[in-house]
1. Which far-off residues, 5 or more places away or on another chain, put their amide H under 5 Å from the one on Glu42, with H placed in the peptide plane?
2. Which order do Ile120, Ile62, Ile83 fall in if you start with the one that has the fewest other Cβ atoms within 10 Å?
3. Would you mind counting up the charge near Gly61? Only other residues with Cβ under 15 Å from its Cβ, with Lys and Arg at +1 and Asp and Glu at -1.
4. Using the alpha-carbon centroid of each, what span in Å lies between region 115-137 and region 80-96?
5. Read phi for every residue in region 26-31 and hand back ³J(HN,Hα) as whole Hz from Karplus 6.51 cos²θ - 1.76 cosθ + 1.60, θ = phi - 60°, with x for Gly and Pro.
6. In whole Hz, what ³J(HN,Hα) sequence does region 57-74 give by Karplus (6.51, -1.76, 1.60; θ = phi - 60°), x for Gly and Pro?
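No value in this document is a laboratory result; all are computed from the given coordinates. Since we're looking at a predicted model, the values are computed, not measured. Note: ideal-geometry Cβ built from the backbone for every residue, glycine included; neighbour counts use all protein chains shown.
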Amino acid sequence: MRLERGPFDLPVFLNAVFLLLMLAVIAGILSAAMTLQYVYGELPCPLCLLERVALFGVAFGIILNFRHGFSYRNTGVSLLFAIFLLVVSVRQSLLDIYPRPGHAYIGSAVFGLHMPVWSILIALAILTAYSVKLIVLGNDDHVGKSAISETPVLSRIAGALSLYVIALVAINFVSVFVQCGFGECHTDGYALLK
């Protein structure tokens, strides 16, 4: 059954709301990780930094949808970074699955799980959410239309969330530079502050 276009196109609106919620959840996850870093002094390991890059990549694909209209190319960017997140987090979990000197989980557990395990669950949730979205909304042309420009409230929320994620990227970039300098990252201290 194909829904007719009218003044209000429900599938287009649902697609926009879905992407907005996904961007908000990713921003919340990244904010929590950075809170653990800055408030509790838990330096992220190199693989944790790659997991952040992957989450920023998923968010970048969503932001592209808001800025340039919905496109499966932008969705592909998000899906590719979600797969990257899954690969990195599975690798890290397998490296740290058996605690041994120098290879234990870094940082505190949140609800009993450490960041690499959470990252596996997050990557699987992103991939599942996109799969369900494609099943429900299909691949019809109506999803490619942007509902953001037609709804001022959604437009303002999407713009604010996009700026917030971009600010998180900038803060993360500076903190990684302070932590690692131009060399290899370590979790035993900030390289440029020693």
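1. Under 5 Å from the amide H of Glu42 lie the amide H atoms of Gln37, each far enough along the sequence or on another chain.
2. Sorted ascending by nearby Cβ count, the order is Ile83, Ile120, Ile62.
3. So the environment of Gly61 carries a net charge of +3.
4. About 13 Å separates the Cα centre of region 115-137 from the one of region 80-96.
5. So the J values, rounded to whole Hz, are 5, 4, x, 5, 5, 5.
6. Working through the residues one at a time gives x, 4, 5, 4, x, 5, 4, 4, 4, 6, 7, 10, x, 5, 8, 5, 5, 5 Hz.
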